[in-house]
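Undergrad: Supplied in structure tokens, the structure appears directly below.
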Amino acid sequence: MPLWLTEKLKVRETIKKKLKFKGDIFFIEHHLSHAASAFLCSPFQEAAILTIDGVGEWTTTAFGTGTGNKINLIKEIRFPHSIGLLYSTITAYLGFRVNNSEYKIMGLSAYGNMNKKRNEYYEKLKKIIEIKEDGSFKLDMKYFVFHYAEKMPSRKLCELLKGKIRKPKEKLTQRHKDIAAALQLITEETIIKILNNVFEKTKKENLVLAGGVALNSVSNGKILKNTKFKNIWIQPNASDGGASLGAALYVFNSILSNARNYEMQNDFLGPEYSSEEIKSILEKNKINYFKFKNETELIKKTAELIYQNKVVGWFQGKMEFGPRALGNRSIIANPCNPEMKKILNEKVKHRESFRPFAPAVCKENAVQFFECSPLQKPAEFMLMTFPVKKEFEKKIPSAIHVDNTSRIQAIDKKNNELYYNLIKEFEKFSGIPILINTSFNVKGEPIVCSPQDALNCFMKTEIDFLILEKYLIEKKKN
């Protein structure tokens, strides 16, 4: 901590001296930045706020209220007691990378026993965390070492769970899946208790969330059914990346007292590339391409290719801000083909077979296919998981997880008209207004940003076609 404080002072001195900057320099605390990223972007003028992550400074969980352009955090839980760090510890125990693969554990949990009475690891993990009725919690630190060592699972935790830390390439057994399920159950239980207490303390019908744990879409999908909140909004870049936006908004709105003038309707805040730039890159790489005459031709051809079970790299407009590809840097495919999940995992994404794929569905059709009423804005950001209605389970087999749920992306026409129209065109072929949407990248790499990134990813995978704005590139067959 002293080193960190020294560096912070050095940064301020550097900015002042090197850049000859004479204005004020603000330092916004981590969870306050998270809170601002959730509330000040939301459609609400009043809301309860919950931020929950691994740790920021000393805080791991905080709640409070937002009114107008003011934020008041009422209570916090401090390090080392952290749901985020508990989740990371078990992530490491199960052989996955910390601060990188927690979402994989969420997906793996569906393969485990989600019945608390029949999952022996639920009771074991309950021994290492004390959860009170108001949602406050305390970790039994004799099972952890992250507060003094550069590793996560302790020897005592391994003894409790009756096994060594899984090696990354070691086979995943039912035991591993049950441990993931137990962790997810405890996480959900804790979050719901916290939120019920937050409602009692604030009496606000609106709720906003941020922090890395707010990306747990399985938990998010259960909030409205298990609490008294009526409306929910979640920062789409809920982890630390979104805190940059929160810090800027907090200074602008709350410190400088400017009226709020921004509501985050979509997260297309990244760079975009002109047709001329894309054409130049294609010609530089000596790529053969076809240019669509107009959007109608583009949409019709793309929908036809997807219906023919082709995998399409889809690159349009501004890049998404955050961890989800929401239709501008996406790989899209046919959810009706029962083999498509296997095709995408093995030939394109090169990732674990247990990982699910998300359905992108036109907003007005979401409640028809999924148990998601009332539909909330976070569903547009792929932040909530819902059960698939029984009658549609066999119609979109590759967009459904093993527990018959889906992390949906509800497409609002006003926020991404081209993508919306593509899904509607696909419906004309298939009768289903849904596409598989997964991020345009391969395992271990970030989502593509530039046209060159997209070309590189296209060349190293078995994606069949690449669409860069108005340009179509077909994979050459050997």
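Undergrad: How large are Rg and Dmax for the range 20-264 when calculated on the C-alpha trace, in angstrom?
TA: Values for the range 20-264 (Cα only, Rg and Dmax): 18.6, 64 Å.
Undergrad: For the range 283-325, which trypsin sites (Lys or Arg not before Pro) are in a loop by DSSP, counting at most 14 other Cβ atoms within 10 Å?
TA: 286, 293
Undergrad: What is the gain in length, in nm to one decimal, between residue 256 and residue 230 on full extension, counting 0.36 nm per residue of separation less the C-alpha to C-alpha distance?
TA: 6.3 nm
Undergrad: How much of the DSSP beta bridge set in the range 20-264 is antiparallel, as a percent to the nearest 5? Kindly include the intermediate steps, with their values, before the conclusion.
TA: Numbers: 20 of 28 bridges.
The answer is about 70 percent antiparallel.
Undergrad: On full extension of the chain, what length is gained from residue 170 through residue 474, given 0.36 nm per residue of separation minus the C-alpha to C-alpha distance?
TA: Values: separation 304, 0.36 × 304 = 109.44 nm, distance 3.69 nm.
Contour length minus the Cα-Cα distance gives 105.7 nm.
Undergrad: Where both residues lie in the range 185-336, what percent of DSSP beta bridges are antiparallel, nearest 5?
TA: Details: 4 of 8 bridges.
Of the beta bridges lying entirely in the range 185-336, close to 50 percent run antiparallel.
Undergrad: Over all directions, what mean area does the Cα convex hull of the range 29-97 project, stated in square nanometres? Before the final figure, lay out the partial values.
TA: Working: hull surface 20.3 nm².
Orientation-averaged projected area of the Cα hull: 5.1 nm².
Undergrad: What is the calculated FRET efficiency for residue 287 to residue 402, with r their C-beta to C-beta distance and R₀ = 30 Å, to the nearest 0.05? Don't skip to the answer; put the middle values down first.
TA: Numbers: r = 39 Å, r/R0 = 1.29.
Taking R0 as 30 Å, the efficiency between residue 287 and residue 402 is 0.20.
Undergrad: Something else now. How far is helix 2-18 tilted off the main Cα axis of the chain, in degrees rounded to 10, range 0 to 90?
TA: Here the helix axis deviates by roughly 60 degrees.
Undergrad: Just checking my list (i) 131; (ii) 260; (iii) 163 against volume of the Cα convex hull per residue in Å³ computed from this structure; which label fits?
TA: (iii)
Undergrad: What angle do you read, to the nearest 10 degrees and between 0 and 90, between the alpha-carbon axis of helix 174-202 and the longest principal axis of the chain?
TA: 70 degrees
Undergrad: Between residue 130 and residue 115, what length comes free when the chain is fully extended (0.36 nm per residue of separation minus the Cα-Cα distance, one decimal in nm)? If you can, show how the numbers build up before the last one.
TA: Details: separation 15, 0.36 × 15 = 5.40 nm, distance 1.98 nm.
Between residue 130 and residue 115, full extension yields 3.4 nm more.
Undergrad: Return a whole-number percent for the relative contact order of the chain, with Cα pairs under 8 Å and 6 or more residues apart as the contact set. Mind showing how you got there, number by number?
TA: Details: 915 pairs, mean separation 76.0, N = 478.
For the chain, the relative contact order is 16 percent.
Undergrad: Mind putting a number on the dipole of the chain about its Cα centre? Charges go on the C-beta only, +1 for Lys and Arg and -1 for Asp and Glu, and I need it in Debye to the nearest 20. Write down the numbers at each step before the final one.
TA: On the way: 76 positive and 53 negative charges, 227 e Å.
Roughly 1100 debye for the chain.
Undergrad: What pairs in 75/132; 310/470; 193/230; 22/70; 169/443 have C-alpha atoms more than 20 Å from each other? Don't jump to the answer; show the numbers that get you there.
TA: On the way: 75/132 15 Å; 310/470 18 Å; 193/230 16 Å; 22/70 27 Å; 169/443 14 Å.
Those over the limit are 22/70.
Undergrad: What is the range 20-264's relative contact order, in percent, from Cα pairs under 8 angstrom and six or more apart in sequence?
TA: Numbers: 452 pairs, mean separation 74.7, N = 245.
Across the range 20-264, relative contact order equals 31 percent.
Undergrad: Next up: Which lysines have a Cα less than 16 Å from the Cα of residue 116, not counting those fewer than 8 places away in the same chain?
TA: Excluding near neighbours in sequence, the set is 124, 126, 127, 177.
Undergrad: Taking the Cα-to-Cβ direction at residue 201 and at residue 74 and moving 7 Å from each Cα, how far apart do the two end points lie in nm?
TA: 0.6 nm
Undergrad: Here is a further query. In whole percent, what relative contact order does the range 275-474 give with Cα contacts below 8 Å and a gap of six or more residues?
TA: Working: 370 pairs, mean separation 66.0, N = 200.
Relative contact order of the range 275-474: 33 percent.
Undergrad: Got a sec? Charge dipole of the range 114-219, +1 on Cβ for Lys and Arg, -1 for Asp and Glu; which of 186, 145, 212 is way out at the positive end?
TA: The residue sitting most towards the positive pole is 145.
Undergrad: How about the range 397-440: which trypsin sites (Lys or Arg not before Pro) there lie in a loop by DSSP and see at most 15 other Cβ atoms within 10 Å? Write down the numbers at each step before the final one.
TA: On the way: sites: 407, 413, 414, 424, 428; in loops: 413, 414.
Here the sparse-neighbourhood loop sites are 413, 414.
Undergrad: Give me the dipole magnitude in Debye, nearest 20, for the range 233-307 about the Cα centre, with unit charges on the beta carbon: positive for Lys and Arg, negative for Asp and Glu.
TA: Working: 8 positive and 10 negative charges, 53 e Å.
So the dipole magnitude of the range 233-307 works out to roughly 260 debye.
Undergrad: If we count GluC sites (Glu not before Pro) as exposed when they sit in a DSSP loop and have at most 10 other beta carbons within 10 Å, what is the longest stretch of the chain that avoids them all? Mind dumping the intermediate values first?
TA: Working: sites that count: 133, 150.
Between the exposed loop sites, the longest stretch runs 151-478.
Undergrad: In degrees between 0 and 90, to the nearest 10, how far off the longest principal axis of the chain does helix 275-284 point, with axes built from Cα atoms?
TA: With rounding to tens, the tilt is 80 degrees.
Undergrad: Please work out the Cα center distance from the range 289-349 to the range 240-286, rounded to the nearest Å.
TA: Going from one Cα centre to the other spans 23 Å.
Computed from the coordinates by the stated procedures, all read-outs in this text should not be read as laboratory data. If you're wondering where the values come from, they're calculated on a predicted model, not measured in any experiment. Neighbour counts are summed over all protein chains in view; Cβ atoms, including those assigned to glycine, are modelled from backbone coordinates with ideal geometry.
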